[in-house]
Amino acid sequence: MWLNIKRNVLLYTILYVILLYMLYLILKRFNLMFRQWINVISFIIIGTGSIIGVGQVIFSINKKWLKTILGIVFVILLVIISPFVYMFSIFAYKPEHVVDKNKEKYVAYVIAFHMTEVEYYEYKNLFVSGNKVKIREYYGKGGFDPLDNKNGYMHNVKSVDYYEWKIVN
């Protein structure tokens, strides 16, 4: 039966990617975007589903010599690609905070690689936020999270930009 998920992980992963992409397009049309936790979970689902699905395809091959060669190539590719995926994950991650600022609720993303910036997006709900930057704060050099002040230390903002987006149809 083709609906047996144990045998079709790659197919379901591809369907998930298509559905997710369609949702991204729909959200973009309404000036929305998924919150970061949904992107992280989707990244994990797609990565895990791809690895398991390709493994299933390789193990379903009847010719032992071909299965062995493809298995070795797949493992070598995983070993080569894994460090790049790991580095991409580190650099793509932006700490997310839901904050109240100027009497409004925002989703704030901290970009703290070489320079530290915080971008504020309109808060919608647990799943989505606006996709246009409303406020951008620049903190200068650093690589720190100015919104994660566990010790009560307040970081100095070097500059603040406010954006007003008007939607034109």
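Only the coordinates and a few stated rules stand behind these numbers; no lab work does. Treat the numbers as computed from the prediction; the structure is a model and nothing was measured. For neighbour counting, all protein chains shown are included, and Cβ atoms are generated from backbone atoms with ideal geometry for every residue, glycine included.
Could you tell me which residue out of 39, 24, 12 lies farthest along the dipole of the chain toward its positive end? Charges go on the beta carbon: Lys and Arg +1, Asp and Glu -1, centred on the Cα centre.
Comparing the listed Cα positions along the dipole, 12 ranks first.
What does the C-alpha gyration tensor say about the overall shape of the stretch 35-92? Classify as rounded when a/c is under 1.5, otherwise prolate if a/b is larger than b/c, or oblate.
oblate
To one decimal place, what orientation-averaged projected area in nm² is obtained for the convex hull of the Cα set of the chain?
14.2
Across the stretch 1-100, how many lysine pairs, 8 or more positions apart or on different chains, have C-alpha atoms separated by under 25 Å? Please give the number.
Close lysine pairs found across the stretch 1-100: 4.
For the chain, what is the charge dipole size about the Cα centre, in debye to the nearest 20, if Lys and Arg each add +1 at the Cβ and Asp and Glu each add -1 at the Cβ? All intermediate terms of the calculation are to be shown ahead of the outcome.
Numbers: 20 positive and 11 negative charges, 133 e Å.
With only Lys, Arg, Asp and Glu charged at Cβ, the dipole is about 640 debye.
Based on the mean of other beta carbon atoms within 10 Å per residue, what is the order of 66-73, 32-39, most packed first? Intermediate values should be presented prior to the final figure.
Numbers: 66-73: 12.9, 32-39: 16.8.
Top of the packing list down: 32-39, 66-73.
Against the longest principal axis of the chain, how steep is helix 64-92, in degrees 0 to 90 to the nearest 10, with axes from Cα atoms?
With both axes taken from Cα atoms, the answer is about 0 degrees.
Between the stretch 63-91 and the stretch 35-51, what is the separation of their alpha carbon centroids in Å?
The distance from the Cα centre of the stretch 63-91 to that of the stretch 35-51 comes to 18 Å.
Please state the relative contact order of the stretch 1-81 as a whole percent: Cα pairs under 8 Å, 6+ residues apart? Show your work: numbers first, answer last.
Numbers: 34 pairs, mean separation 29.1, N = 81.
So the answer I get is 36 percent.
I'd like to know which of 92, 135, 54 lies farthest towards the positive end of the charge dipole of the chain, counting +1 on Cβ of Lys and Arg and -1 on Cβ of Asp and Glu.
Among 92, 135, 54, the one farthest towards the positive end of the dipole of the chain is 54.
What angle, in degrees between 0 and 90 and rounded to the nearest 10, separates the Cα long axis of helix 36-59 from the longest principal axis of the Cα atoms of the chain?
10
Using only Cα atoms, find the angle between the long axis of helix 9-29 and the longest principal axis of the chain, and express it within 0 to 90 degrees, rounded to the nearest 10.
Approximately 30 degrees, to the nearest 10.
How far is it, in nm, from the label point at residue 163 to the one at residue 39 when both lie 7 Å from their Cα along the line to the Cβ?
Here the answer is 1.3 nm between the modelled labels.
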